[in-house]
Structure formats: C-alpha cells, structure tokens
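Student: Have a look at this one.
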Amino acid sequence: MNKRTYHYLAIGGGKTVLSLFLYYFSLHTLLDKQNLDLGFIEFKPHIGALFLSFVIVFPIGFLLSKNVVWHESNLPWKKQFSRQMTFEILAIVFNYVLLKLFVEVFFWWPMPSQIITTIIIVIFSYLSQKYIAFKVVKH
C-alpha cells in the first residue's frame, strides 16, 4: 500500500468514524429523536442529524485531505475547496436521498441506513478527490 492510500484510508476512516459518531450523538442526544427546526426549514431527526454531522465534518475533512492526503496537488486552494465542496454537496444530496429511501420507504433503522449510505459515499468521495478535486496538473 502506498503512502497516499494509507493516509486516505486513515483520514477517511477517522472522518467516517467521527461522522457516524456525530450522527448517532446528534440523533439520540442533541435532537433526542425530535425534528430539527431551523426556523425556515424543519428536518426529520435522521436528516437533522445528517446536517449537523456534515457542518462539523466537512471543514475538518477538507483540511486533512488538502494538507495530508493530496498535499502534492498544485491546484490553487480555492479551486480545491470549490471542487471539494461541489462533490460534498453531491454526496450530501446522495446521502439525503438514500436516507429518505432507506428510513422512510424501506422503514430501516436510521443508524444502519447511515452506515450503508456511508460505504457508498466513501467510494464516490475517493474517486472524486483523486481524479478531480485534488488532481495534479501536469505542465
């Protein structure tokens, strides 16, 4: 295993564990399985927990990915950030759709649904980071 793959797995694994922990903590403690009401929009508990987890994990994940995993990327940081944010938004939408499907259509429990969704998103995330967000441009 090369160093980059090791770093990606270590950081991605840590980010995934943190994300799942924050999801569980948000769902069962912060929200106490109640809706998250932001005043202008209200989320069901499993979606509110996803939102809370995302706003904490995204900046941490971006900084670690940029500075540890993909540090040799020569794209400007603003371009890296905008690309990564685009893919994170796609991932969060994909996560949202899968959670709605698994929890509200299939009636699965939220935590196993989030774990399955996370596995799918991790594969998407690795490919988008490697080939687009943090690619090395050859001159």
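Bear in mind these aren't lab numbers, they're just calculated from the coordinates by the rules spelled out. Keep in mind that this is a model prediction, so the values were computed, not measured. Ideal geometry is used to build each Cβ from the backbone, glycine not excepted, and the neighbour counts take in all protein chains shown.
Student: Taking the Cα centre as origin and putting +1 on Lys and Arg beta-carbons and -1 on Asp and Glu beta-carbons, what dipole magnitude results for the chain, to the nearest 20 debye?
Tutor: Values: 13 positive and 6 negative charges, 158 e Å.
That gives the chain a dipole magnitude of about 760 debye.
Student: I need the shape label for region 50-90. Rule: rounded when a/c is under 1.5, else prolate if a/b > b/c, else oblate, with a, b, c from the alpha carbon gyration tensor. List each step's numbers first, then the result.
Tutor: Numbers: a/c = 3.01, a/b = 1.66, b/c = 1.81.
It is oblate, given that a/c is not under 1.5 and a/b is not larger than b/c.
Student: Given 0.36 nm per residue, what is the gain on full extension from ALA10 to VAL93 after removing their alpha carbon distance, in nm?
Tutor: 27.4 nm
Student: Using only Cα atoms, figure out Rg for the chain and give it as a multiple of 2.2 N^0.38 Å. Kindly include the intermediate steps, with their values, before the conclusion.
Tutor: Working: Rg = 15.9 Å, N = 139, 2.2 N^0.38 = 14.3 Å.
For the chain, the normalised Cα radius of gyration is 1.11.
Student: Once R0 is set to 25 Å, what does the formula 1/(1 + (r/R0)^6) return for the Cβ-Cβ distance between VAL137 and MET1, expressed as a FRET efficiency to the nearest 0.05? Don't skip to the answer; put the middle values down first.
Tutor: Values: r = 25 Å, r/R0 = 1.01.
In this case the efficiency is close to 0.50.
Student: Any idea what angle helix 3-25 forms with the longest principal axis of the chain, computed on alpha-carbon atoms, 0 to 90 degrees, nearest 10?
Tutor: Taking Cα atoms only, the helix is inclined about 20 degrees.
Student: Continuing with the same structure: Find the centroid of the Cα atoms in region 1-73 and in region 87-139, then give the distance between the two in whole Å.
Tutor: 11 Å
Student: For helix 110-128, what angle does its Cα long axis make with the longest principal axis of the chain, in degrees from 0 to 90 and rounded to 10?
Tutor: So the helix axis and the longest Cα principal axis differ by about 20 degrees.
Student: Mean residue ellipticity at 222 nm from the helices of the chain, using -39,500 (n - 2.57) per DSSP H segment of n ≥ 4 over the full residue count, to the nearest 500 deg cm²/dmol?
Tutor: Working: 4 runs with 85 residues, N = 139.
Calculated from helices alone, the mean residue ellipticity at 222 nm is -21000 deg cm²/dmol.
Student: Now, a different point. Describe numerically, in nm with one decimal, the distance between label points set 7 Å from Cα along Cα→Cβ at VAL68 and at ILE115.
Tutor: 2.4 nm
Student: Cα axis of helix 77-99 to longest principal axis of the chain: angle in degrees, 0 to 90, nearest 10?
Tutor: 30 degrees
Student: Oh, and also: Suppose a student asked you for the relative contact order of region 3-133, using Cα pairs under 8 Å spaced at least 6 residues apart; what percent would you report? Could the numbers behind the result be given before it?
Tutor: On the way: 102 pairs, mean separation 31.7, N = 131.
RCO, region 3-133: 24 percent.
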